[in-house]
Amino acid sequence: MIIAASSTAEYVNHHLTFLTSGEGVNALNLDTLFFSTLLGLLFIGVFGLAARRATSGVPGPLQNFVEVIVEFVDTSVKEGFQGPREFVAPLALTIFVWTFLWNLMDLVPVDLLPLAGQQMGLPYLRVVPSADMSATFALSISVFILILIYSVKGKGWGGFAKEMLYHPFGSFPLLIPANLLLNFVELLAKPLSLALRLFGNLYAGELIFILIALLPWWAQWVPGLGWAIYHILVITLQAFIFMTLTVVYLSLAYEKH
Amino acid sequence: MGVNATLLGQMITFILFVLFTMKFVWPPLTAAMAERAERIADGLAAAEKGQQAGEEAKVQVEAALNEARTEAAALIAQAQKRHNDVVDEAKGVAAEEGSRILEAARAQIEQETTLARETLRKQVAVLAVAGAEKILVREIDAAGHEQMLNELAGQL
């Protein structure tokens, strides 16, 4: 608890407040936008550099590192998605690396960047984009739109409509409303679960780190170390889950039944 | 908490990043990886081929070596035979030469013996005549008895 705050509640609240511009629904979380874009630029910068220098000969350390990730994502996509992969594979790579970098911000000491921000006159600063529902929903709604596009692409308008109306109970007219309802719920559950899973995990993680920071300084390192090590697993796993589920959803959407 | 306009900004950023990755990151990397995989496969195939060629060369070398060995053995045997022949021939020639020299020596000895005998006979005759002359110096008419003495010398 380095940042001055009169009470525990105020400290926690301070850490959970975004740096915003604008009011209500029109507000922009500047910190989320800034850090996610910065991390995204880091991603395309490093990967773009590796891609520009890519050689089929002996790869350097950067290319090796990048290739391991690309290979990993490519294998996951190959296993999950049967259709053309020109778009889906780069999508999966972007989701995986970008989300991972978002999550990685959770391992930065909770007070470090907010304190630096305060020195520069920023009253609030939240550095973990995946602990912002706007960011996670932005990803999952984009994926949702892609699910709709791939459904139409894979099954055609007629096929998609037929599936919505006749699946899973059958084509008997009285069953159509039930089918439709179920399919809508199923369809909407996908972006919801994607976004909320990522958000929930990282929000909880961040909160625990904030609570650990409230302990006396000599007692912080045991729970802090334990939680951070556990979190290395969580942030990787959550990035992987988001990517894999995206691929699976797109695969389900694209497949003809 | 909650969702606000940040979402739209994030979606736009996300789409831009995906498009960038799709255009500039994914294709070159996967192409390089696929090409490397192909090159490795080619290299392995070439190594396999090379190994096979090596094996074949080894067999060929072994065959050539065997042939050379057989040839060398034949050559040695032939040389041995030739050597024996030459030695035998030389032996024959030497024996012949030896016997020829021996023959010549014998002939010479014979000749010299004859010559010596002749000389001796003549000297004996002279001696006999000289002796007889001394004994019979008065009575004997040298001319009258010469025929008889010559006959005697011829009988010696």
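Can you classify chain B as rounded, prolate or oblate using the Cα gyration tensor, where a ≥ b ≥ c are the square roots of its eigenvalues, rounded means a/c under 1.5, and otherwise it's prolate if a/b beats b/c and oblate if not?
Working: a/c = 17.37, a/b = 9.62, b/c = 1.81.
Prolate, because a/c is 1.5 or more and a/b exceeds b/c.
Classified by the C-alpha gyration tensor, chain A has an oblate form. Its axis ratio a/c, with a ≥ b ≥ c, is 1.5 or above, and a/b does not exceed b/c.
Separation of segment A:202-228 and segment A:177-192, taken as the distance between their Cα centroids, equals 39 angstrom.
Hey, can you list the DSSP H helices of chain A whose Cα span along the axis is 27 Å or longer and whose average Kyte-Doolittle score is at least 0.0? Membrane-span-like by this criterion, though nothing is claimed about a membrane: A:30-52, A:61-80, A:133-166, A:176-213, A:221-254. Span-like helix criteria (full DSSP H runs; alpha carbon extent of at least 20 Å along the helix axis; mean Kyte-Doolittle hydropathy of at least -0.5) are satisfied in chain B by B:6-20, B:26-135. For a straight C-alpha distance cut-off of 16 angstrom, the aspartates and glutamates reachable from A:K153 (same-chain residues fewer than eight places away being disregarded) are A:E86, A:E163, A:E255.
What percent do you get for the relative contact order of segment A:34-124 when only Cα pairs under 8 Å and 6+ apart count? Numbers along the way, then the final one.
Values: 30 pairs, mean separation 25.6, N = 91.
The value is 28 percent.
Straight-line reach only, C-alpha to C-alpha below 27 angstrom: list the lysines that A:K155 could link to, leaving out same-chain residues fewer than 8 apart. Output for A:K155: A:K78, A:K190, A:K256, B:K23. Of the residues A:S134, A:S7, the one with the fewest other Cβ atoms within 10 Å heads the list, and the complete ranking is A:S7, A:S134. What's the FRET efficiency of B:Q111 with B:V59 using the Cβ-Cβ distance as r and R₀ = 45 Å, to the nearest 0.05? Plugging the Cβ-Cβ distance into 1/(1 + (r/R0)^6) gives 0.05.
Going through segment A:86-186, which GluC sites (Glu not before Pro) have at most 15 other Cβ atoms within 10 Å and a DSSP loop state? Show your work: numbers first, answer last.
Details: sites: A:E86, A:E163, A:E186; in loops: A:E86.
Hits after loop and neighbour filter: A:E86.
What the Cβ-Cβ distance of A:T37 and B:E48 gives, at R0 = 56 Å and to the nearest 0.05, is a FRET efficiency of 0.65.
If you stretched the chain out fully between B:T70 and B:E103, how much longer would it get, using 0.36 nm times the residue separation minus the C-alpha to C-alpha distance?
Values: separation 33, 0.36 × 33 = 11.88 nm, distance 4.90 nm.
Extra length from B:T70 to B:E103 when fully extended: 7.0 nm.
Every read-out reported here was derived from the displayed coordinates using simple, explicitly stated rules and does not represent laboratory data. The structure presented is a predicted model; accordingly, all values stated were derived computationally and were not measured. Cβ: placed from backbone, ideal geometry, glycine included. Neighbour counts: every protein chain shown.
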